[in-house]
Each structure stands twice: as C-alpha cells, then as structure tokens.
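Written below as structure tokens is the structure these notes are about.
The values are calculated or read from the model by the stated rules, or taken from the named source; none is laboratory data. Just so it is clear, the structure is predicted and the values come from calculations on it, not from any experiment. Here Cβ is always computed from backbone atoms with ideal geometry, including for glycine, and neighbour counts include all displayed protein chains. Each accessible area value is taken on the protein alone, full model and side chains, heavy atoms only, with ligands, DNA and RNA left out. Shrake-Rupley method; radii C 1.70, N 1.55, O 1.52, S 1.80 Å.
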Amino acid sequence: MGLRPDLNETLARARADLRMGVPVGLTGGGETVLVASAETLSEARLCALRALGPLDLALTDRRAATLKARAYDLGVARVVVPEEARLSWVQDLADPADDLANPMKGPLQTRRGGSAALHRLALQLCKGARLLPAALVVAVSAQTATAEGLLLIDAAEAAPLLDALPELDHVVSARVPLRAAEKARLHIYRPKDGSEEHYAIEIGRPDRGAPVLARLHSACFTGDLLGSLKCDCGPQLNAALMQMGQEGAGVLLYLQQEGRGIGLANKMRAYALQDQGFDTVEANHRLGFEDDERDFRLGAQILGKLGFSAVRLMTNNPAKMRMMESCGIAVPERVPLKVGETPFNSRYLAVKAAKSGHLL
C-alpha cells in the first residue's frame, strides 16, 4: 500500500473538499464528471465549471417533487442549469428556506436518458458531508480533473463503500462516574471511513450472557446539551441512564447521527421550515432527505464488539428493533421510554407516531 491514501481515505478527503467548496471528480461508465456542492460553491468556481460545459444540478427526488421537477431516474433529478443562471438561482433550488416567499423557480427542465449513476453518487457524497443533497455536475475529461489538482474517484469502486457499514475501531475505554451511576465506563469507537466517533456508556458490569438493558441514542446537541423543548431527546437520554443506574447495569450507545442523520445545520434548516408550518417529515422532504437517514447498524456493531447478543431495548421506535434483529442482536423485550412531552414538541411527537410508527 505504501503511503498513498486508500479509497476510504480518499472518500473522506472528497467529503472534506465538498464542505470547503472544492469540486471532486467521479469517473465511471465511460465518462468523467466534476461535482460540487451547491451549498458551498462560490460564484467564481461556478463560472469556472460553466466554462467546461453544460451544467446539471443533481437533486433528490424528494426535493424535485417540491419543485415540481421531473425525476426520470430512481432517486435523482438532473435539472438543466441555464447558461445565465447565477449562484443564487442554484442555491435557491438547493435550499427550501425561501420556497414560500419565492415559490416560482421554474418551469425546470430535467434530463432524461443516459446514466444518472454519477449524479446519484454525487448526492451520496453531499449527504455524507452533512451538506444539502444538491450537487452541480459537469462532464469533463479525466485529464481536466487531474490537471486542476482535484480528486478523481472511480465510481464503481466507491459505490459499494458508500453503501457499506463502516468498520469501527475501539480507541479507548475509561471509568467516568456519572450522576446517574458512579460505576460507569465510556468506550470510544472510531469509524474507518473518517466520519464522527461514536460512544458507548456502560453502566455497571452487565452480564454478556443475558439480554442487557440498552438504548441507541442519536446525538442531539439542542436537546441533550441545551435543554431544547422542541424534542424529547434530552429527557430520554437522562431517563435511560437513570433507569440503568437504578438497575445497576446497562449500555447506552451515543451515535453521532444528529437530526435523524442529516447533521445539525440541516436540522436547523428543518426547524426553520417547521416555523413556516411544515411538520418534521415534510421539512426533511423539502430539504431533499428521507424521513430518517440514520444507520442503526452502527449500534448493532458496537453491541457486538462489547460482547452483547441480546438487548432489552429502550425505545419507542420499532425500526430500531427490526434493525437489531436483522443484524443478529436479539430483542426479547421492548422497554418504553415515554418522557419529555412539552407544549413545544407535542406536534412533533404526534407526527413521529403517525408518520414514523413510533409507539407513543
């Protein structure tokens, strides 16, 4: 291997480049394209991309539906960018913040025919970078990408890695006395794909041969740290740790999947849309995301590494139970966790029950 980055490391670099507004190259199916995040691209780089050829704006079918744009390909719409379009036009299509104030952005022309595989991969990279799922795409030669000093990624090799569960390495464990339980240890796990680290809080010394009281908790900066009343995350976190402390054993997995996997910035965009009258699912769709972008397989992997094969799962979400079972973690019991309802989150909780199947 030598010192050259492997493909996982290259993809991590690609996500970082997109976050900084730097295009990356994708090659596959006999073509090469440059892709750039619509969110972070500058006007100068937009002009440089336009000089290379006709531009497409890749959007998810969720965002395209809001814009009344036809998505001829599974999961992605290829919107033709007019030659005179400025960056503000591109970003208005990518970001729904002003949809209600300026609803007429079309009619939009979308491409059909040919392969959309590279466009779809570009959207996956944007999502992985916690950016809006919207990417400018222009066809070029492979020589153009390398001449500009840009990363060039083989799509056929990259696609399986982007879909795969990243392997987690155990970094360190240490004793951390908590208010809920003095006998607690914190385990740190680092994904090999360069994404955020995940944590396991082990209360007491749970029996590995018996179902352990467990919770898969997605990070929530606003709820867990700020005490936000818009969600029930903070109360759920504290109640789960308290119950584990009272029983003397348990494990809480703290997964870095903020905002149902869309990241804090996009979660705040969803909050702003909720202030306009949309519910949490509708807001995610207008942004171009699915109802829930989290990957609960990470939790199953950590439980396995800790030596657990069965859990008494503290959750109101049946999807977590199904994912644990499909990953080989038995769930003989669901432990309800109904706490934290406020006048500020009652609609949010009702939508979780009605649209996401939460047992509330």
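Contact annotation: residue pairs with Cβ atoms under 7 Å, 6 or more positions apart or on different chains, pairing a residue in region 18-31 that is assigned to a loop (DSSP other than H, G, I, E, B) with a partner that is modelled with pLDDT of 95 or more and hydroxyl-bearing (Ser, Thr, Tyr), are Met20/Thr40; Gly21/Ser37; Gly21/Thr40; Gly21/Ser42.
Scanning region 327-341 for residues that are outside any strand (DSSP E or B) and either open to solvent by less than 30 Å² (accessible area, probe 1.4 Å) or touching a helix residue (DSSP H, G or I) at 6+ places or on another chain (Cβ under 8 Å) (or both) gives Cys327, Gly328, Ile329, Leu337, Val339, Gly340, Glu341. In region 187-208, the qualifying residues are those that are under 26 Å from Arg130 (Cα atoms) and aliphatic (A, V, I, L, M), and the one that is least open to solvent (accessible area, probe 1.4 Å) is Ala200. For region 297-311, state whether one or more residues are in contact with a helix residue (DSSP H, G or I) (Cβ under 9 Å, 6 or more places away or on another chain) and closer than 20 Å to Val281 by Cα. Checked against the condition, which is being in contact with a helix residue (DSSP H, G or I) (Cβ under 9 Å, 6 or more places away or on another chain) and closer than 20 Å to Val281 by Cα, region 297-311 yields no hits at all. Scanning region 342-360 for residues that are in a helix (DSSP H, G or I), open to solvent by less than 70 Å² (accessible area, probe 1.4 Å) and over 21 Å from Met321 (Cα atoms) returns Ser346, Tyr348.
Scanning region 287-326 for residues that are of a type in the set (Lys, Arg), more than 21 Å from His358 (Cβ to Cβ) and crowded, with 20+ Cβ neighbours inside 10 Å gives no hits. If only residues of region 169-178 that are in a loop (DSSP other than H, G, I, E, B) and of a type in the set (A, V, I, L, M) are counted, the one that is surrounded by the fewest Cβ atoms within 10 Å (Cβ to Cβ) is Val176. Collect the residues in region 32-84 that are open to solvent by 50 Å² or more (accessible area, probe 1.4 Å) and assigned to a helix (DSSP H, G or I), keeping them in residue-number order. Of everything in region 32-84, those that are open to solvent by 50 Å² or more (accessible area, probe 1.4 Å) and assigned to a helix (DSSP H, G or I) turn out to be Glu43, Ala44, Arg45, Cys47, Ala48, Arg50, Asp61, Arg62, Ala65. Residues in region 209-227 that are open to solvent by 20 Å² or more (accessible area, probe 1.4 Å) and without any contact (Cβ under 8 Å) to a residue 40 or more places away in the chain: Gly209, Asp224, Leu225, Leu226, Gly227.
Restrict the check to region 110-117 and report whether at least one residue is closer than 22 Å to Leu273 by Cβ, out of contact with any helix residue (DSSP H, G or I) (no Cβ under 8 Å at 6 or more places or on another chain) and polar (S, T, N, Q). The answer is no; no qualifying residue exists.
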